[in-house]
Amino acid sequence: MDFNESVTKTNLARSFSAECQAGARYQFMSKMALEDSQKFLSDTMKMFATNEMAHAKIFYDYILEKSGGKCKNIDINAGFPFEQPELNVSLLGESMIELSEAKNIYPSFAKIAYDEGFTDIAKSFELVAKTEETHHTILKYLGNLYKKHSMYKRAKQTKWKCSNCGHVEYSKEAWKTCPLCSVPQGYVIINLEEAEKE
């Protein structure tokens with residue numbers, strides 16, 4: 001199939017736009033987290049923003065490569081989310097967006113790409129879907145912790161580590177201020193592997 005006549009071309013453009021917007025939203029969330037003295041959460045959102053922009057670049061590069069320079073503008077018709085500018089709402093809202101991308105949007109785009117003969121693009125959609133599913137799991141975990149004001153409280157002994165100086169302690173609750181370097185609690189690393197167990 002001619003790429004310039006394909007549905008895959010439009011799906012790539014939609015995906016590029018969605019990933020760019022997700023990257024921007026994660027940057028906004030990173031700033032909100034920092035304003036709330038949640039340095040580790042801010043850094044996690046920056047990492048997600050970087051991931052989303054990497055996905056956008058993959059989709060953008062496919063459009064340039066496959067169109068042979070013939071594609072100057074792609075009209076798309078799609079809805080894009082606008083969430084409340086509150087961190088607890090945004091974390092859980094983004095987790096649902098990531099889940100929809102992982103389970104519905106990118107798998108359907110992959111199927112279309114396979115049907116149209118663009119196996120490389122289809123495989124990229126599938127791999128991005130797996131990353132978005134991981135984002136969903138982590139965002140849901142962090143969102144629930146944040147909403148319940150339990151980012152740094154656990155029912156059992158937990159390893160807490162300062163992301164600034166490396167100080168480690170085992171307790172049910174992380175320190176309010178690092179006893180070694182005096183940074184606030186928001187610098188404590190949250191074990192994101194716990195998200196996969198929930």
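The values are calculated or read from the model by the stated rules, or taken from the named source; none is laboratory data. Quantities reported herein were computed from a predicted structural model and do not represent experimental measurements. We place every Cβ from the backbone using ideal geometry, glycine too, and count neighbours over all the protein chains shown.
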Next on the checklist: Scan the stretch 58-81 and tell me whether some residue there is assigned by TED's automatic domain parsing to the domain that holds T119, among the aromatic types (F, W, Y), closer than 30 Å to S163 by Cβ and not in a loop (DSSP other than H, G, I, E, B).
Outcome noted: no
Checklist entry - Name the residues in the stretch 152-179 that are crowded, with 19+ Cβ neighbours inside 10 Å and touching a residue at least 24 places away in the same chain (Cβ under 8 Å), would you? => result Y152, W160, C162
Checklist entry - Quick one: what pairs do we get from the stretch 64-85, first residue exposed (fewer than 10 other Cβ atoms within 10 Å of the Cβ), second at pLDDT 80 or above, C-beta under 6 Å, 6+ apart or different chains? => result K70/N4
Item to check | Residue in the stretch 170-190 that is part of a helix (DSSP H, G or I), in the same structural domain as Q38 (by TED's automatic domain parsing), touching an Asp or Glu at 6+ places or on another chain (Cβ under 8 Å) and among the small types (G, A, S) present | outcome: no
Checklist outcome for this item: Going through the stretch 99-131 in order, the residues found to be over 17 Å from A22 (Cα atoms) and small (G, A, S) are S108, A110, A113, G117, A122, S124
Next on the checklist: Residues that are charged (D, E, K, R), without any contact (Cβ under 8 Å) to a residue 60 or more places away in the chain and not in a helix (DSSP H, G or I): does the stretch 36-43 have at least one?
Outcome noted: no
Item to check | Failed criterion for A18 (all others in (1) more than 19 Å from K111 (Cβ to Cβ); (2) buried (at least 16 other Cβ atoms within 10 Å of the Cβ) hold) | outcome: (1)
Checklist entry - Where residues in the stretch 148-166 are assigned to a strand (DSSP E or B) and among the basic types (K, R), which of them is nearest to V89 (Cα to Cα)? => result K153
Checklist entry - So is S90 among the small types (G, A, S) and either touching a strand residue (DSSP E or B) at 6+ places or on another chain (Cβ under 9 Å) or without any contact (Cβ under 8 Å) to a residue 40 or more places away in the chain (or both) or not? => result no
Checklist outcome for this item: Residue set S30, S37; condition in the same structural domain as I76 (by TED's automatic domain parsing), at positive phi and hydroxyl-bearing (S, T, Y); output residue S37
Item to check | Residues (surrounded by fewer than 16 Cβ atoms within 10 Å (Cβ to Cβ) and under 30 Å from T44 (Cα atoms)) located in the stretch 95-117 | outcome: M96, S100, K103, N104, P107, S108
Checklist outcome for this item: If you go through G23, G93, the only one that is assigned to a helix (DSSP H, G or I), at pLDDT below 95, within 12 Å of the chain's Cα centre (by Cα) and within 26 Å of Y141 (Cβ to Cβ) is G93
